[in-house]
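Below you'll find the structure, written out as structure tokens, and then a few comments.
The values are calculated or read from the model by the stated rules, or taken from the named source; none is laboratory data. Quick caveat: nothing in here was measured; it's all calculated off a predicted structure. Glycine gets a Cβ as well: all are built from the backbone with ideal geometry, and neighbour counts include every protein chain shown. Ligands, DNA and RNA are stripped out before the accessible areas are found, and what is left, the full protein with its side chains, is counted by its heavy atoms. Shrake-Rupley method; radii C 1.70, N 1.55, O 1.52, S 1.80 Å.
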Amino acid sequence: MTKNLRVKSSEYIDETNRISFKFNGKTYHGFKGDTLASALLANDVHLVGRSFKYHRPRGIMTSGSEEPNAIVQVNPGTNRTEPNVRATEVEIYEGLEASSQNCWPSVEFDIGGINNFLSPFFPAGFYYKTFMWPASFWEKYEFFIRHSAGLGKSPTTSDPDIYDHRNVHCDVLVVGAGISGIMAAKNAAKNNFKTLLIEEKNELGGSTIYENNQFNKIDNKTPSEWLKKEIEELKNIQNLEIKTRTSVAAYHQYNYLLARENLTDHLEAKNKTNKIRQRLLKIRAKKVILATGALERPLIFNNNDRPGIMLSSAVKKYSEFYGVACGSKNVFFTNNDSAYESALSLYNKGINVQAIIDIREQSESKIVKKVKEAGIKIYWSHTIVDTSGYKRLNSLSIMKLSNDGTSVTGSKISISCDCLGVAGGWTPAVHLYTQSGSKLKFDEEKQIFLPNQNTSEQISVGSCGGDFKIDEIIKNLNHKLKDNLNIKETDLDNIKVEIDQENSKRNIWLLPSDKPLGKTKPFVDYQNDATAKDIKLALREGFRSIEHVKRYTTTGMGTDQGKLGNMHALGIIADTAGVKMGELGTTTFRPPYTPLTFGAIVGRNVGKFFDIFRRTPMNNWHVENKAEFENVGQWKRAWYYPINGETMHQAVQRESKAARESAGILDASTLGKIDIQGSDASEFLNRVYTNAWSKLAIGKCRYGLMLNEDGMVYDDGVTTRLGENHYIMTTTTGGAANVLGKLEDYLQTEWPELDVYLTSVTDHYATASLCGPNSKKILKKIIPDLDLSDESFPHMSFKEAKIGNVQCRIMRISFTGEHSYEINVQASYGKDLWEKCIEAGQEFKITPYGTETMHLLRAEKGFIIVGQDTDGTMTPIDLQMDWIVSKKKYDFIGKRSLYRSDTMREDRKQLVGLLTDDPNIVLEEGAQIVSELNQNPVEMLGHVTSSYFSPNLNKSIALAVVRGGKDMMGKKLFVPMENKNINVTIASPVFYDEKNERLNA
Amino acid sequence: MFLINCPYCGERDQQEFKAGGEAHIERPKQPTELSDDEWAEYLFMRKNIKGIQFERWNHAHGCRKWFNMVRDTSNDEIKAIYKMGEKPPTQ
């Protein structure tokens, strides 16, 4: 039978709204307002998970996002399942299911628990030390390591939820809605700053909202009553937006922050559909006020990880806020006064508090006196030396602490209990502060890291800025606000605060036991099972840097990023190495503060919105005619058009033959097109291309090669002179944007004196490339009155014409070696143009061909494709294209680099043709080329860049880059493949129609 | 993510911009007169300063204009922004 540990009706829990949920297959009940953690605790369930390495039973430790142990799989087996969710952050709803992770077959009986007894064999660096040898065994080790690693299970089906991104701009962003955050936001908004207040929980008020210390008063009210009134007033304030259930994940420079807003995680499944689940807020704030609070630290003692051992502040929150007692026999262990508040909270509700163990010698504050009056036993100067209870704490042993705090004396006292609240002091939550690039400083007196050097417009207020007492918080908040927001009056000016004088805490990072350290298990990082002895071992083995110790011991490397234990790790290192903590520094806090879902990160960019894609105006025709597509840059290009179940090879062979024998048509709309105008346009082209442009007549076209300043081929294409000061340049499909960017760069920065204007017109024109011996007849049918004679319209020239009423530009240029025309029309007429060509070509069996056939046809002619036959290390000389490099021009981009000693080497890789001795073997692109077969290691001479079976030549052809290939014509080489060596011969890269007779056929 | 004040468009998010490396490296007027070493100096050698650095930026997804920026690379503080052709601010 499960116990019910509800102790009082809480105003935050709606006891009229009973909710049933399942944990590890068993049904439990909670109420609206509960988290999974509070509902489980109310049912006396502490054991919720197993630790990562030793599989030790672990319980709920905290009540917030810092939780290291209670991480669960939510809704297992469904498409909404999510691993590694903190039970302390899950709001329960009807039908919620959750299960423990990292255990098999169950959390109650976990086979992996044997690791706990083998723990002497799993010291820090176990994996590094054990799986080093023999080296060849790594693959086998890896298999087992991968199977034993990992916490939860990723979903295996696609995510049904919608995610969203939103840009948010504000004058003041306040992170955290505790007392400081609320007062900061209120005063900022009242002073006309557009303010955004963000809180990770679903309720405002932080820990002050359930603050019950009767000795603290604000304006004669308890802090809780006072703050409730302030929160009530927020409703009437203009300029203030409040987002709850929203967690700031990252704080980047220039006050750019990312926050995840949870919108449906707390709703029943039926209410989740068709709603945005999470929204990623991309926030630009003029000023940021961090009010992220502080996290309570545990104390580090032997066996400090059993279910039932919790933070004292969590015990208090469960009692005060959720109305749940975490145990029926409670003990507190502390180094400061805050545990006394937690003890009184339970006591006042009639829950048994057995004892308080305090490592200090005494404390005289009012609250301690009150506890004494209540008759609760206090053990001063005592420490816990051990605990027992495998799946739930059942007793602890304490001993007297020596004066220097390094050893224990006297006899052991045993105390029976089922819940231990541990209070080790408070660590300011400075994670976001340091993420922004700002620097911390160690405060020796308070023994904490505090904000020191700000890099952005920001302030840290409240306990994340080092103020823990309400009087200090209000006083410092007030002057920080006035300073930072430049305001004269605030609501905080006339507040009267009374507080109980707290005695200082006593910091001992690692508490001693009666057993030697080696025989104890004082956990520092609960999730990753790193103990104090692992840290000391790392130091003994020579690790000094905190970053190295962290990685070696895995301290702070869990999903909680060591929010609880990092300070202790630093303290233990400092004590052991005999250095000051301030000199040691901290490890780097990296985003995200709490884990983000992939969904929130990608937002709407999923499915067809994953990446931008572009389609040509003729796209629908290609789809209707069953084209296969390939991605070229962002473009979807028709790849080949299979008919009657043809394979790609069969289709390409057919298309290639048709284009040479009669007529083919290619959609060339994707080629980049740049309109160039201005009185210096010719001079500009002279400077950016390797060849000369000044003498190109109006109406003529010319092929150009563009280099980088390092002499390497960058892009190529045909440019046409449309008028005296007007050119249209084509670029490769993939290079269009980069070419425009590069040209703009030179124009704006190196040659601002040139009168040249560049406009990208790629999308403005659709281009059909008509090719083959019958292309002229087809064009004649479409535009009967155009003079297509070689005299009037020779190869490499241009004419304007009209198809019906549609203006078009026709270039007689060829990438296939056939007589061909590129017809450009306004994009919206593209499909119409295409259909006209197909219709006119019917009698010549015009064949549409895709990019694959285009590649094959140009390879037959030895025309390069930049990016396929070149790779950024090829000069025009390497490509055997010396003819296009002007010797006369004084300068062009990349010219000087062609005369560097390295680019002039004779043994550079050079483009050549490659023929297989067996004409039926088609080489693989990328295959290596060697001259020796019996050498080991063998020298690689180069590789195959393009390779096809040519239907027009009836043999395989290839282009390759080969070291010194230019002078190796006819040389026999080898292409070694996995099962065979292929004999090849170096040939001219032009395989077909070497004399270019077909261009005018 | 920087917030960059484009001299033509005003403050915009960094993702609209493209970094263009070190500024004030002028392309030699007469490259052919240069020795291999001198040309290599222009072509390859870039300072990589921890501290104040002068660099080129392009508002690639905006007005497409190039401009110069003075940035402290140690903390990413943008000290100044000025147009191409304008004199760099003195420190």
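Considering only the range A:241-301, give the strands (runs of 3 or more DSSP E) lying wholly within it that have at least 3 residues that are closer than 29 Å to B:SER74 by Cα and in contact (Cβ under 8 Å) with a residue 60 or more places away in the chain.
It comes to A:246-252, A:256-262, A:276-290.
Residues are listed down the side, and each one gets a yes or a no for (1) of a type outside the set (Ser, Thr, Tyr); (2) on the phi < 0 side of the Ramachandran plot; (3) surrounded by fewer than 23 Cβ atoms within 10 Å (Cβ to Cβ):
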{"position": "A:HIS382", "(1), (2), (3)": "yes, yes, yes"}
{"position": "A:TYR390", "(1), (2), (3)": "no, yes, yes"}
{"position": "A:LYS400", "(1), (2), (3)": "yes, yes, yes"}
{"position": "A:ASN403", "(1), (2), (3)": "yes, yes, yes"}
{"position": "A:SER407", "(1), (2), (3)": "no, yes, yes"}
{"position": "A:SER414", "(1), (2), (3)": "no, yes, yes"}
{"position": "A:GLY424", "(1), (2), (3)": "yes, yes, no"}
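Wholly within the range A:405-462, which strands (runs of 3 or more DSSP E) include no fewer than the required count, namely at least 2 residues that are among the β-branched types (Val, Ile, Thr) and free of Cβ contacts under 8 Å to residues at least 40 places away in the same chain?
Values: elements: A:408-416, A:419-423, A:426-428, A:439-443, A:448-453, A:458-460.
Per the criteria, A:408-416.
Please specify each residue of the range A:566-619 satisfying the condition of being of a type in the set (Asp, Glu) and modelled with pLDDT of 90 or more.
Residues of the range A:566-619 of a type in the set (Asp, Glu): A:575, A:583, A:611.
A:ASP575 - this is the single residue of the range A:566-619 that is of a type in the set (Asp, Glu) and modelled with pLDDT of 90 or more.
Give me the residue from the range A:96-138 that is surrounded by fewer than 21 Cβ atoms within 10 Å (Cβ to Cβ) and among the small types (Gly, Ala, Ser) and, out of that set, modelled with the highest pLDDT.
A:SER106
Tell me yes or no: at least one residue of the range A:283-303 is within 30 Å of A:GLY425 (Cβ to Cβ), open to solvent by less than 10 Å² (accessible area, probe 1.4 Å) and polar (S, T, N, Q).
For the range A:283-303, residues within 30 Å of A:GLY425 (Cβ to Cβ), open to solvent by less than 10 Å² (accessible area, probe 1.4 Å) and polar (S, T, N, Q): present.
If you go through the range A:795-809 one residue at a time, do you hit one that is assigned to a strand (DSSP E or B) and within 48 Å of the chain's Cα centre (by Cα)? Show your work before the answer.
First pass over the range A:795-809, keeping only residues assigned to a strand (DSSP E or B): A:797-803, A:806-809.
From what's left, within 48 Å of the chain's Cα centre (by Cα): A:808-809.
Among the residues of the range A:795-809, at least one is assigned to a strand (DSSP E or B) and within 48 Å of the chain's Cα centre (by Cα), which makes the answer yes.
Kindly list the number of the only condition in (1) open to solvent by less than 20 Å² (accessible area, probe 1.4 Å); (2) in contact with a Leu (Cβ under 7 Å, 6 or more places away or on another chain) that fails for A:SER931.
(1)
Among the residues of the range A:910-918, are any of a type in the set (Gly, Ala, Ser) and open to solvent by less than 50 Å² (accessible area, probe 1.4 Å)?
Our first condition is that a residue be of a type in the set (Gly, Ala, Ser); within the range A:910-918, this holds for A:913.
In the following step, the residues that additionally are open to solvent by less than 50 Å² (accessible area, probe 1.4 Å) were identified as A:913.
Yes, the range A:910-918 has at least one match.
Is the range A:251-267 home to any residue that is among the hydrophobic types (A, V, I, L, M, F, W, C) and open to solvent by 60 Å² or more (accessible area, probe 1.4 Å)? So that I can check it myself, show each step before the final result.
At the first step, the residues of the range A:251-267 found to be among the hydrophobic types (A, V, I, L, M, F, W, C) are A:257-259, A:263, A:267.
Then keep just the ones that are open to solvent by 60 Å² or more (accessible area, probe 1.4 Å); that gives none.
So far as the range A:251-267 goes, no, none of its residues is among the hydrophobic types (A, V, I, L, M, F, W, C) and open to solvent by 60 Å² or more (accessible area, probe 1.4 Å).
Of all residues in the range A:139-154, which are open to solvent by less than 60 Å² (accessible area, probe 1.4 Å) and either among the aromatic types (Phe, Trp, Tyr) or modelled with pLDDT of 65 or more (or both)?
So the first thing to find is which residues in the range A:139-154 are open to solvent by less than 60 Å² (accessible area, probe 1.4 Å), and the list is A:141-142, A:145, A:149-152.
Within the range A:139-154, A:TYR141, A:LEU151, A:GLY152 meet the criteria.
Please indicate, with yes or no, whether at least one residue in the range A:971-990 is open to solvent by less than 70 Å² (accessible area, probe 1.4 Å), over 50 Å from the mean Cα position of the chain (by Cα) and not hydrophobic (A, V, I, L, M, F, W, C).
The answer is no; no qualifying residue exists.
Quickly run through the range A:348-385 and pick out the residues that are closer than 15 Å to A:PHE215 by Cβ and out of contact with any Leu (no Cβ under 9 Å at 6 or more places or on another chain).
Just the residues of the range A:348-385 that are closer than 15 Å to A:PHE215 by Cβ, to begin with: A:348, A:363-374.
A:ASN348, A:SER363, A:GLU364, A:SER365, A:LYS366, A:VAL368, A:LYS369, A:LYS372, A:GLU373 - these are the residues of the range A:348-385 that are closer than 15 Å to A:PHE215 by Cβ and out of contact with any Leu (no Cβ under 9 Å at 6 or more places or on another chain).
A:LEU953: within 30 Å of A:ARG660 (Cβ to Cβ) and open to solvent by 40 Å² or more (accessible area, probe 1.4 Å), yes or no?
On the way: within 30 Å of A:ARG660 (Cβ to Cβ): yes; open to solvent by 40 Å² or more (accessible area, probe 1.4 Å): yes.
Taking the combined requirement at face value, the residue satisfies it.
Select, from A:ASP675, A:ASP680, the only residue that is at pLDDT 95 or above, open to solvent by 10 Å² or more (accessible area, probe 1.4 Å) and more than 46 Å from the chain's Cα centre (by Cα).
Values: A:ASP675 fails: more than 46 Å from the chain's Cα centre (by Cα).
When all the criteria are applied, what remains is A:ASP680.
Given the residues A:THR847, A:THR870, which is the only one that is buried (at least 19 other Cβ atoms within 10 Å of the Cβ) and in contact with a helix residue (DSSP H, G or I) (Cβ under 6 Å, 6 or more places away or on another chain)?
Details: A:THR870 fails: in contact with a helix residue (DSSP H, G or I) (Cβ under 6 Å, 6 or more places away or on another chain).
On inspection, the qualifying residue turns out to be A:THR847.
Looking at the range A:724-748, which of the residues that are polar (S, T, N, Q) and more than 18 Å from A:LEU707 (Cβ to Cβ) is most open to solvent (accessible area, probe 1.4 Å)? Explain how you work it out, then say what you get.
The initial filter retains those residues of the range A:724-748 that are polar (S, T, N, Q), namely A:725, A:730-733, A:738, A:748.
Within this subset, residues satisfying the condition of being more than 18 Å from A:LEU707 (Cβ to Cβ) are A:725, A:733, A:748.
On the way: A:ASN725: 64, A:THR733: 20, A:GLN748: 37 Å².
The extreme case among them is A:ASN725.
Looking at the structure I just gave you, is A:GLU791 within 14 Å of another protein chain (Cβ to nearest Cβ), part of a loop (DSSP other than H, G, I, E, B) and open to solvent by 30 Å² or more (accessible area, probe 1.4 Å)?
Working: within 14 Å of another protein chain (Cβ to nearest Cβ): no; part of a loop (DSSP other than H, G, I, E, B): yes; open to solvent by 30 Å² or more (accessible area, probe 1.4 Å): yes.
Here the answer is no, as A:GLU791 does not meet what is asked.
Taking into account only those residues within the range A:888-914 that are in a loop (DSSP other than H, G, I, E, B) and within 8 Å of chain B (Cβ to nearest Cβ), which is farthest from A:THR873 (Cα to Cα)?
A:TYR890
Report, by residue number, each residue of the range A:64-94 that is on the phi < 0 side of the Ramachandran plot and of a type in the set (Gly, Ala, Ser). Spell out how you get there, then give the answer.
Here is the first cut: in the range A:64-94, the residues on the phi < 0 side of the Ramachandran plot are A:64-74, A:76, A:78-83, A:85-94.
Within the range A:64-94, A:GLY64, A:SER65, A:ALA70, A:ALA87 meet the criteria.
Tell me which residues, restricted to the range A:302-324, are modelled with pLDDT of 95 or more, part of a loop (DSSP other than H, G, I, E, B) and of a type in the set (Gly, Ala, Ser).
A:GLY308 - this is the single residue of the range A:302-324 that is modelled with pLDDT of 95 or more, part of a loop (DSSP other than H, G, I, E, B) and of a type in the set (Gly, Ala, Ser).
Can you pull out the residues in the range A:958-967 that are open to solvent by less than 30 Å² (accessible area, probe 1.4 Å) and over 44 Å from the mean Cα position of the chain (by Cα)?
First, the residues of the range A:958-967 that are open to solvent by less than 30 Å² (accessible area, probe 1.4 Å): A:958-962, A:964-965.
Result: A:GLY964, A:GLY965.
Do the conditions hold for A:TYR322, that is, is it surrounded by 24 or more Cβ atoms within 10 Å (Cβ to Cβ) and in contact (Cβ under 8 Å) with a residue 60 or more places away in the chain? Walk me through it before giving the result.
Numbers: surrounded by 24 or more Cβ atoms within 10 Å (Cβ to Cβ): yes; in contact (Cβ under 8 Å) with a residue 60 or more places away in the chain: yes.
In short, yes.
Residues that are surrounded by fewer than 18 Cβ atoms within 10 Å (Cβ to Cβ) and not polar (S, T, N, Q): find the strands (runs of 3 or more DSSP E) completely inside the range A:1-95 holding 2 or more of those. Explain how you work it out, then say what you get.
Details: elements: A:14-23, A:26-32, A:47-50, A:57-59, A:71-74, A:82-86.
Ranges flagged: A:14-23, A:26-32.
Considering B:GLY85, B:GLY62, B:GLY10, B:GLY21, which residue is closer than 23 Å to A:GLU744 by Cβ, touching a Pro at 6+ places or on another chain (Cβ under 8 Å) and small (Gly, Ala, Ser)?
None of the others qualify; the one that does is B:GLY85.
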